[in-house]
Amino acid sequence: MNYILKGAKQRLIFELREKGITDENVLAAFDKVERHKFIESFMQDKAYKDIPLKIKFNQTISQPFTVAFQTQLLQIQKEEKVLEIGTGSGFQAAILSAMDAKVYTIERQEGLYKETQKLLEEMDYKIFTFFGDGFNGIPQYEPYDKIIVTCGAPNIPLSLIHQLKINGLMVIPVGENTQKMIRITKTAENDFIEEEFGNFVFVPMLKNTKTIF
Ligand code: SAH
């Protein structure tokens, strides 16, 4: 990694601190993961700016602050099982993996799923990638300690809460055009509490899968 990108990465971490990211494990993960490898090369000079960027298949790599904020809300501990809905570029999954979580991630666009799976493997991340509709979660590997949804959900899918351990947390942006960041704490088998953490904008969470390459 060249010194210009290294410097830009350190400035980004400083900016995340200023914007209220205090979990040192999250900040350490941002130091480890090379965001410029998750975007197309012609955009590399923007890799460490705190902005979302377009990736292939008309999707988006979330703004670094949003990734850091959602991750911080999850209170990740080492070895926890984390389910991510919306693999996209793989960057959020890589951040979770760099915090020593066991990551299961699912993507509905087949082309993107394949490309990101290959990229994560090349970079030696031990992340379990799946192709499918995240509304159903990944029932084979439940229950999860934590669930993170990285697309804007129309509502809170009960199937996902079902796959959460008791005392587990789920962070999910909910809403149509803009989303409210909601954190669910599963308090009992059929009970949960909801907290709200401000407005964000995500690409929509869509039903079914898509196989255009
Ligand atoms: N976490 C990603 C963010 C990508 S944007 C990153 O770090 O880059 C959100 C992604 O969610 C898109 O790739 C979109 O295709 C995917 N998505 C939308 N609806 C989905 C669904 N029902 N199941 C799985 N993935 C979905």
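A single member of T209, T150 is among the hydroxyl-bearing types (S, T, Y) and farther than 19 Å from F69 by Cα, and it is T209. Flag: S41 does not match the condition of being in contact with a Phe, Trp or Tyr (Cβ under 8 Å, 6 or more places away or on another chain) and of a type in the set (G, A, S).
Within segment 88-111, residues that are under 16 Å from E122 (Cβ atoms) have Cβ atoms under 8 Å from residues that are charged (D, E, K, R) and in a loop (DSSP other than H, G, I, E, B) in these pairs: S97/K126, counting only partners at least 6 apart in sequence or on another chain. Selection of first residues in segment 30-50 that are more than 15 Å from L119 (Cβ to Cβ) and of second residues that are aromatic (F, W, Y) and part of a helix (DSSP H, G or I), restricted to Cβ pairs under 7 Å at least 6 apart or on distinct chains, gives the following pairs, ordered by first then second residue: D50/F65. Looking across I156, I161, I76, one residue alone is within 15 Å of the chain's Cα centre (by Cα) and among the β-branched types (V, I, T). It is I76. If you scan segment 25-49, which residues turn out to be under 13 Å from S89 (Cα atoms), assigned to a helix (DSSP H, G or I) and open to solvent by 50 Å² or more (accessible area, probe 1.4 Å)? Hit for segment 25-49 is K37, nothing else.
One line per residue, one yes/no per condition, for (1) farther than 15 Å from E84 by Cα; (2) free of Cβ contacts under 8 Å to residues at least 60 places away in the same chain:
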{"site": "P157", "(1), (2)": "no, yes"}
{"site": "Q163", "(1), (2)": "no, no"}
{"site": "G168", "(1), (2)": "no, yes"}
{"site": "K186", "(1), (2)": "yes, yes"}
{"site": "N190", "(1), (2)": "yes, yes"}
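Residue count for segment 184-213 under the criterion of being within 16 Å of the ligand (Cβ to nearest atom), basic (K, R) and either closer than 18 Å to I147 by Cβ or in a loop (DSSP other than H, G, I, E, B) (or both): the result is 1.
In the set E110, E122, only one residue is more than 9 Å from the ligand (Cβ to nearest atom) and either aliphatic (A, V, I, L, M) or open to solvent by less than 50 Å² (accessible area, probe 1.4 Å) (or both); that residue is E110. Residue check: is F14 in a helix (DSSP H, G or I) and under 18 Å from the mean Cα position of the chain (by Cα)? Against the criterion (in a helix (DSSP H, G or I) and under 18 Å from the mean Cα position of the chain (by Cα)), F14 does not qualify. Restricting attention to segment 130-162, the residues that are away from the ligand (no atom under 11 Å from the Cβ), crowded, with 21+ Cβ neighbours inside 10 Å and not hydrophobic (A, V, I, L, M, F, W, C) add up to 2.
The values are calculated or read from the model by the stated rules, or taken from the named source; none is laboratory data. In this text, all values refer to a predicted model and were calculated from it rather than measured experimentally. Note that each Cβ is placed from the backbone with ideal geometry, even for glycine, and that neighbours are counted across all protein chains shown. With ligands, DNA and RNA removed, areas are computed over all heavy atoms of the protein, side chains included. Shrake-Rupley method; radii C 1.70, N 1.55, O 1.52, S 1.80 Å.
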